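What follows is a short report on a single structure.
The values are calculated or read from the model by the stated rules, or taken from the named source; none is laboratory data. Everything numeric in this text was worked out from a predicted model, so none of it was measured. Reconstructed Cβ throughout: ideal geometry from the backbone, glycine too, with neighbour counts over all protein chains shown.
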Amino acid sequence: MNSLNDSSLIFRYHRDMISEFGADSSRALGWLKSADQQTRFALLAGIADLNGHSVLDAGCGYGDLLPFLSRRYPSFSSYCGVEQIPELVDVAISRYGHLANVNFISRSFLSGDLPVADYVLASGSLNYGSDDPGFIFNAITLLYNHCRLGLGFNLLRSIATNGLLVAYPPELILDHCRSLSNRVVFTDGYADEDFTVFIYREQKHDIITC
């Protein structure tokens, strides 16, 4: 789904940030402040009561969403993090790979070769640009296709042009999400440049084919 050029830019960016700030810094993930990451986690974690449910974290980075969810939903059933940058997933495995019902997959979640989970969450991982003009719509559909109950993600609505990240008009994204489900929830106002979308399945096993 993403071209080699897209992937090489993403790898180079994160490896430069690791070199500058260290492999265990939130700056290596592109967050200016750890609080920004936590704010977005709090929004995404509000998708539902996740106790008793499985979670797929698409573009998990260091797996930082896992301890956040564990504190809020101590009885969620399992967590799977998918991350394409080896330096990041290696840290995630070293921190959390020993925990029960926790698994990390080292590859791009855009490959489509993913497990199905009750809820799929993507924090910041859909913000990268692509040579493919249909990238964001295909990515949202792919992730939705791997959830049993709901998909939650955040996107940028504004960003300074830097050749790596891209912003989207919320209305454009919502139109696509509503083509997948009638149950779509939009949240903004927590950050000037960001918005969050939840897409819920109207029937538990109504899985769409990409």
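Structure summary
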read-out	value
Some residue of region 85-104 being within 25 Å of GLY189 (Cβ to Cβ), in a loop (DSSP other than H, G, I, E, B) and at pLDDT 95 or above	no
Criterion violated by ARG40 - all others in (1) modelled with pLDDT of 90 or more; (2) within 13 Å of PHE104 (Cα to Cα); (3) assigned to a helix (DSSP H, G or I) satisfied	(2)
Number of the exception - GLY150 against (1) more than 19 Å from ASN51 (Cα to Cα); (2) surrounded by 17 or more Cβ atoms within 10 Å (Cβ to Cβ)	(1)
ARG71 vs. criteria out of contact with any Leu (no Cβ under 8 Å at 6 or more places or on another chain) and over 19 Å from LEU143 (Cβ atoms)	yes
Residue within region 11-34 that is part of a helix (DSSP H, G or I), surrounded by fewer than 21 Cβ atoms within 10 Å (Cβ to Cβ), at pLDDT 90 or above and over 18 Å from the mean Cα position of the chain (by Cα) present	no
Failed condition for PHE68, given (1) under 21 Å from LEU43 (Cβ atoms); (2) surrounded by 20 or more Cβ atoms within 10 Å (Cβ to Cβ)	(2)
Residue ID - nearest to ALA42 (Cα to Cα), chosen from residues in region 156-201 that are among the polar types (S, T, N, Q) and assigned to a loop (DSSP other than H, G, I, E, B)	SER158
Test: LEU114 is touching a residue at least 60 places away in the same chain (Cβ under 8 Å), among the aliphatic types (A, V, I, L, M) and assigned to a loop (DSSP other than H, G, I, E, B)	no
Matching residues, region 72-86, being surrounded by 15 or more Cβ atoms within 10 Å (Cβ to Cβ) and either over 12 Å from GLY59 (Cα atoms) or not small (Gly, Ala, Ser) (or both)	ARG72, TYR73, PHE76, SER78, TYR79, CYS80, VAL82, GLU83, GLN84, ILE85
VAL120, sole failed condition from (1) touching a Phe, Trp or Tyr at 6+ places or on another chain (Cβ under 6 Å); (2) among the β-branched types (Val, Ile, Thr); (3) within 29 Å of ILE93 (Cβ to Cβ)	(1)
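Residues checked against (1) surrounded by 15 or more Cβ atoms within 10 Å (Cβ to Cβ); (2) without any contact (Cβ under 8 Å) to a residue 12 or more places away in the chain; (3) of a type outside the set (Val, Ile, Thr):
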site: PHE109; (1), (2), (3): yes, no, yes
site: PHE137; (1), (2), (3): yes, no, yes
site: HIS146; (1), (2), (3): yes, no, yes
site: ILE159; (1), (2), (3): yes, no, no
site: LEU165; (1), (2), (3): yes, no, yes
site: GLU171; (1), (2), (3): no, yes, yes
site: ASP175; (1), (2), (3): no, yes, yes
site: PHE186; (1), (2), (3): no, no, yes
site: THR196; (1), (2), (3): yes, no, no
